[in-house]
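This report refers to the structure that appears directly beneath it.
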Amino acid sequence: DSVAIIDKGAFDSCSFKQIIIGNGVAEFGWSVFYDCKCDEFVCYSSIRDASSEMSGSGVFYECSFDKVIFGGRCAKIGSHAFTQNISAGGSGYGTVKTIILEESVTIIGKEAFNVKTLDCVYCKSMLPPQGSSNMFYSSLDKIYVPIGCAEVYKSASYWKNYASKIEEYDFENNP
């Protein structure tokens with residue numbers, strides 16, 4: 001928890017089994033994890049709004065992660081945090097299969113998870129985080145929410161765009 005800033009491109013093109021970002025990280029540089037490969041990424045710090053510096057690339061630009069977990073003090077996942085180059089001429093490289101949003105996550109920025117390969121998102125909060133336009137790529141299969149919360153999510157601003165993908169999940173018996 002003593003690292004406060006992770007500078008631009010710090011883990012460019014690296015491969016890891018697991019990455020854990022502690023509570024103390026206050027700032028991520030541009031494309032810190034560019035082209036990074038990792039089985040499991042765990043983040044306890046908020047991800048700043050990547051679009052505030054430059055449009056089209058984020059902290060996790062074109063990364064390949066099997067599972068991503070946001071928890072601890074992570075309250076915000078900023079715009080374009082996970083981005084693929086899917087525009088004309090782009091390779092579309094980069095994958096994220098599963099995302100777990102712990103109860104601490106309260107804001108999801110515009111196109112935060114702009115990744116074609118995202119299979120499912122597990123949202124553990126009883127109330128939907130504040131959403132934004134196109135927060136998930138349209139090919140997302142399922143969004144799992146706590147039992148008894150599906151209708152709240154389906155009627156929430158921006159979440160209603162994914163209503164057909166929202167299903168209840170028993171987090172207590174299936175962690």
Given the conditions (1) under 23 Å from Gly9 (Cβ atoms); (2) modelled with pLDDT of 90 or more, every one holds for Thr106 apart from (1)
Among Phe41, Phe28, which is the only one that is open to solvent by less than 50 Å² (accessible area, probe 1.4 Å), under 25 Å from Lys142 (Cβ atoms), at pLDDT 75 or above and aromatic (Phe, Trp, Tyr)?
-> Phe41
Check off (1) at pLDDT 80 or above; (2) surrounded by fewer than 20 Cβ atoms within 10 Å (Cβ to Cβ) for Gly90 and give me the number that stays unchecked.
-> (1)
If you check Asp119 against the conditions, is it closer than 15 Å to Ile100 by Cβ and at pLDDT 95 or above?
-> no
What do you reckon, is Ala163 among the small types (Gly, Ala, Ser), in contact with a helix residue (DSSP H, G or I) (Cβ under 6 Å, 6 or more places away or on another chain) and modelled with pLDDT of 95 or more?
-> yes
Go through region 104-115 and give me each residue that's touching a strand residue (DSSP E or B) at 6+ places or on another chain (Cβ under 9 Å) and open to solvent by 50 Å² or more (accessible area, probe 1.4 Å).
-> Thr106, Ile107
Inspect all residues belonging to region 141-164 and state whether any of them is under 13 Å from the mean Cα position of the chain (by Cα) and open to solvent by 30 Å² or more (accessible area, probe 1.4 Å).
-> no
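The values are calculated or read from the model by the stated rules, or taken from the named source; none is laboratory data. The structure displayed is predicted, hence computed values, not measured ones. Note that we place each Cβ from the backbone using ideal geometry, even for glycine, and neighbour counts take in every protein chain shown. Heads up: the accessible areas ignore ligands, DNA and RNA and are worked out on the full protein's heavy atoms, side chains in. Shrake-Rupley method; radii C 1.70, N 1.55, O 1.52, S 1.80 Å.
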